[in-house]
1. Which entries of Lys82/Lys157; Lys130/Lys191; Lys130/Lys157; Lys72/Lys191 show an alpha-carbon separation above 24 angstrom in the structure shown?
2. Can you list the equivalent-ellipsoid semi-axes of region 13-54, largest first and in whole Å, using the square root of 5 times each Cα gyration tensor eigenvalue?
3. For region 1-113, what log10 I(q)/I(0) values come out of the Debye formula at q = 0.13, 0.14 1/Å, with one point per alpha carbon and no solvent?
4. Quick one: what do you get for region 136-194 if you divide its Cα Rg by 2.2 N^0.38 Å?
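Read-outs: derived from the displayed coordinates by stated rules, not from any lab. Worth saying up front: this structure is predicted, and the values here are computed from it rather than measured.
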Amino acid sequence: MTKSPTPTLISLPPELILEIGDHLPPDGILSLKFTHPILNGILPLLPRLRNTTLSTCARFAIRTYLSRTDPKPTHIRCILCKTTYPANIFNSSSSPACQPLSFTDTGSRPEVVELPRRFCACRHVGRLAKLVHTERGGRNEWVSRKRDMCMHCGVVKGWGTCNCTCDSCGTRIVRTYTRFLNNETECRSFKFWRRLLSGEGTSPHTDHPNGQLWVRETCASPGATDPRPVVDLRVHYEDEMSGDSSIQTVSVLS
């Protein structure tokens, strides 16, 4: 017996595709139309725009969908700020929360932390990090995992309350960074940085082309003069951690 092909969206009868379109806002229909010529021919748009008041987010989305693709854009509109910035602002090396990496041969800066597309680094890298206080002797490390973030208000699901009803921005999966802190000395301020090492194993994060991800923290030290003591902690990825995972820490003086 021959195996029947797996049904796809474009293989659905037109009446079912129109039924799906009835549950989408105008900008959502436009986005779906642009995914395939068949969907573009089936789904109507103009009737949905008549006598419809578009939200600000819907207007921004439609402008983005209709704008021509520029292979080398000089400016990009941030999906959270709804403001246009120079393209280099969308690289995490431009964030004050990151230690910038050197320019590559192509003239671009490598990423320090992973950012969602059209997510400006100048204001929003801090949204991806959270400090969690633990009891004395408890968990004391940086851990990374992927979570859902509302692209309307910037709230990471599970970290805060999101009451958004916007149909245009939706959510995205983002990589977040949580600092579990069991003392009152470390993590007075912090910066992400990459340690360029080779031959570190088979982990996709260890073998990142830009090296291992670490965090450099300034520490409180009563009576100490500048420079303040700092501590470097490696970021652990939850999908790689096991029960006997050790914490790597390096104390230095900057």
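1. Lys72/Lys191
2. They are 17, 11, 8 Å, listed from largest to smallest.
3. -0.73, -0.79
4. In units of the 2.2 N^0.38 Å rule of thumb, it is 1.43.
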